[in-house]
1. For helix 15-25, what angle does its Cα long axis make with the longest principal axis of the chain, in degrees from 0 to 90 and rounded to 10?
2. Whose amide H sits under 5 Å from the amide H of VAL33, counting only residues 5 or more places off or on another chain, with H placed in the peptide plane?
3. In whole Hz, what ³J(HN,Hα) sequence does segment 36-53 give by Karplus (6.51, -1.76, 1.60; θ = phi - 60°), x for Gly and Pro?
4. Lysine pairs in the chain with Cα distance under 20 Å, only those 8 or more apart or on different chains: how many are there?
5. Once you list every other residue whose beta carbon is under 11 Å from the beta carbon of SER9, what net charge do they have if Lys and Arg are +1 and Asp and Glu are -1?
6. Short version: ³J(HN,Hα) in whole Hz for each residue of segment 68-73, in order, from phi by Karplus 6.51 cos²θ - 1.76 cosθ + 1.60 (θ = phi - 60°), x for Gly and Pro, what are they?
7. Per residue of segment 129-144, what does 6.51 cos²θ - 1.76 cosθ + 1.60 with θ = phi - 60° give for ³J(HN,Hα)? Whole Hz please, x for Gly and Pro, Karplus curve as stated.
8. Would you order MET53, MET68 from fewest to most other beta-carbon atoms within 10 Å of each residue's own beta-carbon?
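What follows draws every value from the coordinates through simple rules; no lab data is involved. Keep in mind the model is a prediction, meaning the values are calculated, not measured. Here Cβ is always computed from backbone atoms with ideal geometry, including for glycine, and neighbour counts include all displayed protein chains.
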Amino acid sequence: MKIAIYPGSFDPVTSGHVDIIRRAAGLCDKLIVAVMHNQAKKPAFSPEERCEMLQRVVGDVPGVEVRMFSGLLADYAAQEHAETIIKGLRAVSDFEYEFQMALANRKLNPGVDTVFLMTSAEYMYLSSSIVKDIAAHGGDITGFVPDSIQDDILLRIRKEGNSWQR
Ligand code: PNS
């Protein structure tokens, strides 16, 4: 059984993430979408909230399981017997950081390889931070995130403004 992990902050999940999840699910038997902690970011949503939104959005995709984990990705991959880490790449600017993480994860767990999927062209510009910034300034996030979580984001971000930013 080919098990892959798609890790991320998913704060919140965007239409770009959903695109990667659907495409990655077709490449393996089981895709674990793992909500994890990025120490460089202060999240707007709790891990439980991020999981619940992901579950709502991709819970019905065959082979996809949504989980959360607070430790090292390399350890989680070993725990789940995953041989592959899936990452989405939007632009060259993503590459250096992703390349570093892929090498570090392989050093920590030689049994795991990172596979990069290029984002679909329509989501090149999209990120969770951009979605939160647009929402905080009263902009329209239709299409940037799945319809079913749009209200959750507007409620949270408009109430708290930009306080999620460092
Ligand atoms: O969506 P993000 O914020 O770009 O995802 C980054 C994430 C969560 C995948 C990364 O920070 C991560 O792997 N965190 C878990 C802790 C870990 O393993 N750190 C070492 C990475 S080499």
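1. Tilt relative to the chain: about 20 degrees.
2. TYR6, GLU65, VAL66, ARG67
3. Running phi through 6.51 cos²θ - 1.76 cosθ + 1.60 with θ = phi - 60° gives 10, 9, 9, 5, 7, 10, 9, x, 8, 10, 5, x, 5, 5, 5, 5, 5, 5 Hz.
4. 10
5. Working: positive: LYS41, LYS42, ARG50; negative: ASP11.
Net charge in that neighbourhood comes out at +2.
6. 10, 8, 10, x, 7, 4
7. 3J(HN,Hα) across segment 129-144, in whole Hz: 5, 5, 4, 5, 5, 4, 4, 5, 9, x, x, 8, 9, 4, x, 6.
8. On the way: MET53 23, MET68 17.
With the fewest neighbours first, MET53, MET68 line up as MET68, MET53.
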